[in-house]
Every structure is written in structure tokens, then in C-alpha cells.
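Read-outs: derived from the displayed coordinates by stated rules, not from any lab. Nothing here was measured: the structure is a model prediction, and the numbers come from that model. Neighbour counts are summed over all protein chains in view; Cβ atoms, including those assigned to glycine, are modelled from backbone coordinates with ideal geometry.
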Amino acid sequence: MSTPEVTDGALIERVANQEREAFEELYGRYARPVLGLALRRIGDRGRAEDSVQEVFAAVWRSASSYDPARGPGGAWVYTIARNAIIDNLRRRPAPTVADPPEAVSTSPTPDEEAEASWNTWRVHRALETLPASERAVIDLAYFSGLSQSEIAEFLHVPLGTVKTRTRSGLARLADVLEGEV
Amino acid sequence: MSTVPPFDEIVDGADPERVRLRTTHDLLLSAGPPPELPPSLEAAPAQQSQVIAILPRRRYTAIAAVALAACALFGVGYAIGGRDVPNEPVRTIAMTGDSGATASIALLAADAAGNWPMSLEVSGLPPLPKGKTYSLWLTRGGKLAESCGTFAVAAGTTKVPLNAPYRLKRFDGWVIVRTGTKVPLLSTA
């Protein structure tokens with residue numbers, strides 16, 4: 001990217017001052033990670049979409065409680081989102097079907113589930129930071145199942161360009177994942 | 001088509017960053033794709049939405065009365081001058097598939113920003129497991145070109161609002177696929 005991105009923490013501090021533009025920027029960065037987290041926890045798409053609205057209402061209300069000394073902005077948004085989604089689930093628990101008594105559960109433990117949710121959140125947030133050219137090849141390679149040569153054909157660019165963009169996209173994601181988010 | 005991108009083809013064996021790139025590669029695979037935002041969530045919500053929840057109950061009654069009056073006025077206006085209905089489709093597109101499923105797109109007039117709102121009505125597609133969706137794509141030269149959003153279906157007929165923020169003349173068809181695949185289930189050709 002040609003210009004350094006404003007940190008999430010700086011945006012949250014501006015949201016605390018009721019700056020609509022900062023709120024919209026934060027929404028652009030986190031709407032899809034929040035929806036992904038809500039879908040994972042709630043399951044039902046309609047309720048998950050409702051909870052996205054609730055999460056960002058909570059972000060707007062609570063931004064003044066953000067303390068940069070206690071951690072990066074991304075982790076704060078994650079905590080707000082997780083709590084709002086749990087509140088949504090408490091208000092209207094998802095219907096459950098009892099396991100047969102003899103069945104052995106293969107579901108992840110709460111700790112495993114929490115770690116998986118956090119990692120998914122971080123990856124989805126990091127994807128939002130990629131330039132469009134790198135985002136396209138990463139999406140096509142990892143989420144559409146296209147080979148490198150199929151991507152080259154699809155995007156009408158040389159195979160070497162696809163490989164370079166995929167590699168640089170991975171490196172940029174690694175930088176973000178190791179950084180603030 | 002491969003389902004897992006070959007890491008060794010992407011990152012050279014002698015690449016000094018190979019270990020951390022491998023970690024990122026694995027995280028991407030385990031995270032899966034981020035969900036598509038529906039049109040209703042594409043813009044940040046207005047902060048005023050938080051105020052509504054704390055209005056006293058009697059205020060709701062007043063709001064309901066105002067809304068009812070507005071509906072009545074709209075009805076009168078519609079009856080008098082209903083020829084210029086803004087939500088009238090400018091084009092209807094039919095789609096068919098091998099399985100007997102059908103769909104139609106009622107394309108509404110584009111707004112000033114170039115959004116083409118539409119209503120997709122689809123029948124005969126099987127409901128998918130939770131979290132799985134279908135996607136509507138514009139095609140060019142027989143290939144998926146731009147996504148117009150994702151949706152889920154229920155048994156029977158499903159009607160869903162979608163949007164195509166593109167210059168439609170650049171494309172030559174529409175298809176519906178399962179999200180993450182390229183196999184057309186319904187198409188215009």
C-alpha cells in the first residue's frame with residue numbers, strides 16, 4: 001500500500017469523539033469479520049446480520065471506553081462483537097437437538113472454538129487490508145479453488161504476475177497478522 | 001481445478017520467509033472465506049438507530065400513527081399519479097438450469113451512483129446447509145466476472161433483493177453458482 005493505514009485504535013478514539021467518518025472506516029474494516037463471527041456463533045444468517053447492527057451500535061456507544069494501553073483496537077472490537085453476539089444468543093437461544101446418549105461428541109472444546117473464532121477473525125480482518133490486486137488472487141486461490149494458471153487465465157495476466165501477487169499478498173497478510181490486529 | 005493452493009508453487013523452497021508464509025497459508029485455509037455482506041449491511045448503520053430502542057412506549061404509538069398517515073398519503077398519491085412508479089422493473093431476465101430450477105431477475109432503474117438494484121426470485125434450488133450460500137454472478141465470455149451477492153434459499157420460492165454496482169453493458173450473461181464454485185446451476189444462456 002502506498003500510504004500507511006490509520007490504526008484501528010486511532011479510529012476508535014475518533015469514534016469516541018462522534019466522528020462519523022471514522023465510524024464508517026471502522027465499519028468497512030470490520031463488517032465482514034463481525035458477520036463471520038456472528039454466523040459462526042449464531043448459525044442463522046438473519047440473526048447474524050441483525051447482530052452486526054447491534055455490534056456496531058455497541059462500538060459507537062462504547063468507543064470512549066477503549067484504552068490503547070490495554071491492547072490494540074482490533075482486539076477491543078473483537079471483545080465488543082463477541083459480547084454483543086453472546087447477548088443476542090441469550091435473548092433468543094438457538095434451537096438445539098439433544099445428542100443420543102451413547103454418542104461421543106467430536107465438537108471442538110470451548111477453548112478450541114474460541115481460538116478458531118479469534119484466528120478466523122484476525123484473518124478476515126487482515127484480508128481487508130490487502131490491495132485489490134493481491135486480494136483478488138488470494139480470494140481466487142484460497143476460496144474459489146482456482147489453480148495459479150486458472151487465475152492467470154481468469155484475470156488475463158501472466159502466470160508470473162499471479163505468483164508474485166499471491167506471494168506478496170501472503171507476506172502482507174503475515175505482516176498484519178503479526179502486527180496490531 | 002485444485003481445492004488447496006499448492007504452497008510449494010507459490011513460495012520458493014529457498015524463500016527466507018517460507019515459515020511465516022506457511023503459517024499464513026494454513027491460517028487462510030482454516031479461516032475460510034469471509035462472508036459476503038448483504039446490501040442491507042454494505043453501509044455503516046446510522047447512529048440514530050440506537051435512539052429508537054430507548055423511546056418510551058407512548059412515543060411508539062405516535063410514530064405508528066405518523067407512519068400510518070404517511071402510508072395513507074402515499075396511497076392517495078399512488079392512486080392519483082401512479083404512472084411514475086420508481087420501483088417498476090426496467091428489465092426482466094429469465095434464468096434456467098438443468099435440474100428444473102428457474103429464476104428471474106427484476107432489474108430496477110440504476111441510481112445516481114450506478115447501483116442496479118434488483119429482485120431475484122428463484123425456485124427449485126435445494127436449500128443448503130447452514131452457512132452455505134448461492135451466488136449470483138455477471139459473466140463475460142462464459143466466465144464469472146463480477147459477483148452480485150450471495151443468498152440462501154428455502155424450499156419453494158425465495159425472493160431476495162440484490163444489487164449490481166457495475167456497467168451492465170460490459171457483461172453478456174448471468175449465472176447462479178454455489179458460493180465458492182464456478183459450476184453454473186442457473187444461467188441466462
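Assuming R0 = 35 Å, can you tell me the calculated FRET efficiency for the pair B:V4 and A:Q18, based on Cβ-Cβ distance, to the nearest 0.05?
On the way: r = 46 Å, r/R0 = 1.31.
Calculated transfer efficiency: 0.15.
Specify the inter-centroid distance of segment B:155-189 and segment B:17-41, based on alpha-carbon positions, in whole Å.
24
Select from chain A the helices, each a whole stretch of DSSP H, whose alpha-carbon atoms run 20 Å or more along the helix axis and whose Kyte-Doolittle mean is at least -0.5; answer none if there are none. Show your work: numbers first, answer last.
Details: long enough: A:20-42 (29 Å, -0.26); A:45-62 (25 Å, -0.53); A:73-91 (27 Å, -0.04); A:110-127 (25 Å, -1.18); A:159-178 (29 Å, -0.05).
Sorted by number, the helices that extend far enough and score high enough are A:20-42, A:73-91, A:159-178.
Once you have a ≥ b ≥ c as the square roots of the Cα gyration tensor eigenvalues for segment A:105-145, tell me rounded if a/c is under 1.5, and otherwise prolate or oblate according to whether a/b is larger than b/c.
Working: a/c = 7.28, a/b = 2.11, b/c = 3.44.
Judged from the Cα gyration tensor, segment A:105-145 comes out oblate (a/c at least 1.5, b/c at or above a/b).
State the three equivalent ellipsoid semi-axes of segment A:1-85, derived from the C-alpha gyration tensor as the square roots of 5 times its eigenvalues, in descending order and whole Å. Write down the numbers at each step before the final one.
Values: eigenvalues 96, 38, 28 Å².
That gives 22, 14, 12 Å for the three semi-axes.
Which of A:T129, A:T109, A:T79 moves the most in a Gaussian network model of chain A with Cα springs under 10 Å?
A:T109
Under 12 Å from the Cβ of B:T188, count the other residues' Cβ atoms, weight Lys and Arg +1, Asp and Glu -1, and hand me the total. Show your work: numbers first, answer last.
Working: positive: B:R91; negative: B:D172.
Every neighbour counted, the sum reads 0.
Could you work out which residue, out of A:V15, A:V34, A:V157, moves most in a Gaussian network model of chain A, that is, has the largest mean-square fluctuation with Cα springs under 10 Å?
A:V157
With 5 Å bins from zero, work out the P(r) of chain A over every alpha carbon pair and list the percent per bin.
Histogram of Cα-Cα distances, whole percents per bin: 1, 7, 14, 16, 16, 15, 12, 9, 6, 3, 1, 0.
Please compute the net charge surrounding A:H156, taking Lys and Arg as +1 and Asp and Glu as -1 over other residues with Cβ under 11 Å from its Cβ.
Local net charge: +1.
Measuring from label point to label point, each 7 Å out along Cα→Cβ, what is the A:A116 to B:R91 span in nm?
If labels sit at A:A116 and B:R91, their model points lie 4.3 nm apart.
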